[in-house]
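The block underneath contains the structure these notes are about, expressed in C-alpha cells.
The values are calculated or read from the model by the stated rules, or taken from the named source; none is laboratory data. This one's a predicted model, so the numbers in the text were calculated from it and none came from an experiment. Reconstructed Cβ throughout: ideal geometry from the backbone, glycine too, with neighbour counts over all protein chains shown. In case anyone asks, the SASA skips ligands and DNA or RNA and just uses the protein heavy atoms, side chains included. Shrake-Rupley method; radii C 1.70, N 1.55, O 1.52, S 1.80 Å.
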Amino acid sequence: MTTVLQANPRQFVSTEFTKQIVRRALRYLQSGFAIHLRGPAGTGKTTLAMHLAGLLGRPMVLIYGDEDLRSSQLIGSSSGYTRKKVVDNYIHSVLKVEDDMRQSWVDSRLTLAAREGFTLIYDEFNRSRPEANNALLSTLEEKLIVLPPDSSQSEYVRVNPLFRAIFTSNPEEYAGVHPTQDALLDRMVTIDIGEADIDTEKQILVTRVGLDRIQALKLLNLIRSFRYKAEQTKTSSLRVCLIIGKICQDHEIPVSGQNADFRALCFDVLLSRYGKSAQIAEILTHLLDQLP
Ligand SMILES: Nc1ncnc2c1ncn2[C@@H]1O[C@H](COP(=O)(O)OP(=O)(O)O)[C@@H](O)[C@H]1O
Ligand SMILES: [Mg+2]
C-alpha cells in the first residue's frame, strides 16, 4: 500500500538562505526538470524537498534509497493470484471458489507518481545500487516507464506531464553511498546545499525547539567551534543543536558551561558522534569552560 503524503507548511522555516534555494529549485521544477539537492547530512535537504513538493501542490510519494532496493521494486511487481469467492444466495451450501490465474500487478511508488502526475521525492537515492535506479533514466528522458512482460498491463506507462521528481543525496565519501551514475546526473539539475548561515540555523532552533534567541546563538556558536576545532565538518551543526536544544528546553537546563547538566548533555551527545578520544574530550572541556 503506497502512502501519498501532504506537506506540512508550518514546519518549514523560511529565511533569505532558504528562499534563494527555493526560488531556483522551483524554477527548474516548473520547467519540467527533476532536481537534485546534494549536500552533507543535516543541511535540511529532506525538509527542503518536502517543502518544495508542498509548493508544487500535488500529492507526493516518498522513496528512501536502500542498498537492497531492486529495480523491480522501483517499477512495480506482480503480487499473488486473484481468487474469486462466489457465494450462491439461494443455495447456501454452495460456495464456489474460482482461481483466476492472473497475477495482480501493483504499481511501485515511482510508477504511481509517474502515472498520476504526483511529485516523487527520492531521498538519499544514491544509497540504492546504481543499477536499481535504471528505470529512472527513461522516466526522466523519454517520459516512459517500461513494465516487465509479466505485468499483464500495457507494456509501458507514459509519464503524466504533471509528474515531478526531487532527489536528495549525501556526498559520495559517506559510508553506504554509491557513486551516482553520470547518465542520471545528466538528466537532472543539481543544487549543492552547503551549511546554512548561522541566522537560518538560529531561526530553525527558535521555531522548532522554542529556545530563546540568545540561548540558541550560544548553543550554535559552541557546536560550530567544537566541530571546527575537532575537525568534524562533514555534517552540519543543526541536528546536534536540535537534540541538545530540545533537551535543554524540556528540562530547563540553561545553555551554560557553568551548569553540570548542560556539560554532561554535551559530552553525551557530542562524544558519541565525534569520537571519544582524549583530545576531543579536551577540546570540548576547554570550550565549555569558556562558555558563561
Ligand atoms: N528550513 C527548515 N525549517 C525547519 N526545520 C528545518 C529546516 N531545515 C532543516 N530543518 C530541521 O533540521 C533537521 C535536519 O534537516 P534534514 O532535512 O533532515 O537534513 P538532511 O536531509 O540534509 O540530512 C531536521 O530535524 C529538520 O526538521
Ligand atoms: Mg535527509
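Here are S256, S237: which of them is closer than 30 Å to D66 by Cα, among the small types (G, A, S), open to solvent by less than 50 Å² (accessible area, probe 1.4 Å) and not assigned by TED's automatic domain parsing to the domain that holds T139? Before you say what the answer is, go through the steps one by one.
Values: S256 fails: closer than 30 Å to D66 by Cα.
None of the other options fit; the residue is S237.
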Open item on the list: Show the residue pairs meeting these rules: Cβ distance below 6 Å; 6+ apart or different chains; first residue within segment 42-59 and closer than 13 Å to T18 by Cβ and within 14 Å of ligand 2 (Cβ to nearest atom); second residue part of a helix (DSSP H, G or I) and open to solvent by less than 30 Å² (accessible area, probe 1.4 Å).
Closed with: L52/A25
Open item on the list: Looking at L120, L48, L52, can you tell me which residue is at pLDDT 95 or above and in a strand (DSSP E or B)?
Closed with: L120
Task: Segments classed as strands (runs of 3 or more DSSP E), wholly inside segment 139-210, with at least 2 members that are in contact with a Ser or Thr (Cβ under 8 Å, 6 or more places away or on another chain), among the hydrophobic types (A, V, I, L, M, F, W, C) and farther than 17 Å from S236 by Cα - done: 144-146, 164-169
Open item on the list: Condition check: open to solvent by 50 Å² or more (accessible area, probe 1.4 Å), under 18 Å from the mean Cα position of the chain (by Cα) and of a type outside the set (D, E, K, R). Does T18 satisfy that?
Closed with: no
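State yes or no: is A264 over 14 Å from L222 (Cβ atoms) and at pLDDT 95 or above?
Here the answer is yes, as A264 does meet what is asked.
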TODO: Within segment 155-209, track down each residue that is modelled with pLDDT under 90 and among the hydroxyl-bearing types (S, T, Y).
DONE: Y156, Y174, T180
Open item on the list: Yes or no: segment 105-117 includes at least one residue that is at pLDDT 90 or above, in a loop (DSSP other than H, G, I, E, B) and within 16 Å of ligand 1 (Cβ to nearest atom).
Closed with: no
Task: Total residues in segment 175-227, condition closer than 30 Å to F33 by Cα and free of Cβ contacts under 8 Å to residues at least 12 places away in the same chain - done: 3
Open item on the list: Any residue that is within 13 Å of ligand 1 (Cβ to nearest atom), over 18 Å from T190 (Cα atoms) and of a type in the set (K, R) - is there at least one of those in segment 10-29?
Closed with: yes
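Scanning for something within 16 Å of ligand 2 (Cβ to nearest atom) and open to solvent by 20 Å² or more (accessible area, probe 1.4 Å), does segment 215-234 turn up at least one residue?
So far as segment 215-234 goes, yes, one or more of its residues are within 16 Å of ligand 2 (Cβ to nearest atom) and open to solvent by 20 Å² or more (accessible area, probe 1.4 Å).
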- [ ] Scan segment 152-183 for residues that are within 15 Å of R115 (Cα to Cα) and buried (at least 19 other Cβ atoms within 10 Å of the Cβ) and report the count.
- [x] 5
